[in-house]
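Here is the structure we will look at, set down as structure tokens.
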Amino acid sequence: MVQRRYFRYIFVVCIFFSFGLFLLLKAYRASYYQDSFTITNGICNSQSLPAIWTQNSKKWNVGLLKIPSCPKRKNKFTVFIKTAISHRANRDVLREYYARLKTKLEEERGIELKHYFIVGIREDSVIEEGDDIIVGNFRDTYSNLSLKTKAAYEYFALCEDKEEHGASTLVIHDDDTWVGVDRIVQLFGSSGPPANQLFGNEHRGTGVMNDWMEEKGFIVNEKIWKDKFWPNYIAGPCVIMSSKAALKIGASSSSVEQIPQIPVEDAVFTGILRVKNCLEIGTLNYFSFLWNRHKAFCVHTEGNIRLLQEKINETLFNI
Ligand SMILES: *[C@@H]1O[C@H](CO)[C@@H](O)[C@H](O)[C@H]1NC(C)=O
Ligand SMILES: *[C@@H]1O[C@H](CO)[C@@H](O)[C@H](O)[C@H]1NC(C)=O
């Protein structure tokens, strides 16, 4: 009985302790990343970016060598898949998935689903024929990943009606990633994602140089990015946005010169160029991994094609 008296003190101490820890963590986080931009009277001012990113230097485009047909409807869901020429098996699995979803989406919601695979060029291999293949004018190497993403934005701008968007959603993902198209459509409803936000798995306070880059010998020059950390960005395997956001990012990526020198494409497009356009990272309401995995909007299988196929089988079985 005597000891029970102390419970509430212990309780109070615990609360204080947790609160202190929370503040400390918050302060620590604030010290390593700054996502600062302001919008005044509709004008975007991304003051946290170095000048070379906010000045619009000379026009630059990757260029496209093979251009498949564009979507025809105003209400559409466009999917770009970053793939390697040798990943034929992944493409075939995804092709079947999107073909099935296409019919469903069109019949039930009047939304046109279009998927495209993006590759560069290689001397030693050619990609299969198909109206879902975009070939960009760059060498298909890992260091050119930013150019692959750039090619997607270029193609998108080419197809998009700049006046009228309808409900237009865009997803850019890796060829080992499952995308819950149906779930995304349900989440954003008939108007599509909000125009000023990007969605996906957010990386906060990620260091500029990582082991992978050091191993490959990639160096990000101080002149290109002076900070130790990238702005917050969305992990490369899957990013979801509206066509308005995509057109902004695409347009701004055509007037900076530094992109080819940064191999970390996700930090470039959904970090730096996102901030340049005063776009926010939106929250998806829950963590989508481990026990919550079945609720995810995207699942990155980390090269596991069996898991990808399983996830797709499960989805197709339930529609
Ligand atoms: C692509 O990457 C290679 C090296 O991996 C590089 O030599 C080349 O200049 C890059 N750019 C283009 C546009 O192909
Ligand atoms: C997925 O379904 C196909 C048939 O539709 C089947 O051949 C294949 O084995 C299944 N794969 C997995 C991993 O469940």
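The values are calculated or read from the model by the stated rules, or taken from the named source; none is laboratory data. The structure displayed is predicted, hence computed values, not measured ones. For neighbour counting, all protein chains shown are included, and Cβ atoms are generated from backbone atoms with ideal geometry for every residue, glycine included.
Below are the figures for this structure:
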quantity: Test: Gly236 is in a helix (DSSP H, G or I), buried (at least 18 other Cβ atoms within 10 Å of the Cβ) and in contact with an Asp or Glu (Cβ under 9 Å, 6 or more places away or on another chain); calculated: no
quantity: Selection within segment 116-145 - more than 10 Å from ligand 1 (Cβ to nearest atom) and of a type outside the set (A, V, I, L, M, F, W, C); calculated: Tyr116, Arg122, Glu123, Asp124, Ser125, Glu128, Glu129, Gly130, Asp131, Asp132
quantity: Residue in segment 217-232 that is surrounded by 13 or more Cβ atoms within 10 Å (Cβ to Cβ) and within 16 Å of ligand 2 (Cβ to nearest atom) present; calculated: no
quantity: Inter-residue pairs, beta-carbon under 6 Å, first farther than 22 Å from Leu147 by Cα and in segment 74-97, second assigned to a helix (DSSP H, G or I) and of a type in the set (S, T, N, Q), 6+ apart; calculated: Val93/Gln309
quantity: Output for segment 69-83, where each listed residue is part of a loop (DSSP other than H, G, I, E, B) and modelled with pLDDT under 95; calculated: Ser69, Cys70, Pro71, Lys72, Arg73, Lys74, Asn75
quantity: Residue check, Asn318 of a type outside the set (Gly, Ala, Ser), farther than 19 Å from Ser57 by Cβ and either more than 16 Å from ligand 2 (Cβ to nearest atom) or surrounded by fewer than 20 Cβ atoms within 10 Å (Cβ to Cβ) (or both); calculated: yes
quantity: Those residues of segment 221-244 which are touching a residue at least 60 places away in the same chain (Cβ under 8 Å) and over 18 Å from Ser48 (Cβ atoms), in sequence order; calculated: Ala235, Gly236, Pro237, Cys238, Val239, Ile240, Met241, Ser242, Ser243, Lys244
quantity: Residue within segment 162-176 that is within 16 Å of ligand 2 (Cβ to nearest atom) and under 24 Å from Trp212 (Cα atoms) present; calculated: yes
quantity: Cross-chain or 6+ apart pairs with Cβ under 6 Å, segment 126-138 first and over 12 Å from Ala152 (Cβ atoms) and away from ligand 2 (no atom under 16 Å from the Cβ), then in a strand (DSSP E or B) and of a type in the set (Ser, Thr, Tyr); calculated: Asp132/Tyr116
quantity: Sole residue being surrounded by fewer than 15 Cβ atoms within 10 Å (Cβ to Cβ), farther than 29 Å from Ser190 by Cα and in contact with a strand residue (DSSP E or B) (Cβ under 6 Å, 6 or more places away or on another chain), chosen from Asn56, Asn45; calculated: Asn45
quantity: Output for segment 96-115, where each listed residue is in a helix (DSSP H, G or I) and either touching a Lys or Arg at 6+ places or on another chain (Cβ under 6 Å) or closer than 14 Å to Gln186 by Cβ (or both); calculated: Leu101, Lys104, Leu105, Glu108, Arg109
quantity: Test: residue in segment 246-259 that is crowded, with 20+ Cβ neighbours inside 10 Å, at pLDDT below 90 and either of a type in the set (A, V, I, L, M, F, W, C) or more than 16 Å from ligand 1 (Cβ to nearest atom) (or both); calculated: yes
quantity: Single residue of Val239, Val264 found to be modelled with pLDDT of 85 or more and more than 16 Å from ligand 1 (Cβ to nearest atom); calculated: Val239
quantity: Inter-residue pairs, beta-carbon under 6 Å, first in a loop (DSSP other than H, G, I, E, B) and in segment 299-319, second within 9 Å of ligand 2 (Cβ to nearest atom), 6+ apart; calculated: Thr301/Leu307; Thr301/Leu308
quantity: Residues within segment 47-68 that are of a type in the set (Val, Ile, Thr), assigned to a loop (DSSP other than H, G, I, E, B) and modelled with pLDDT under 85, tallied; calculated: 0
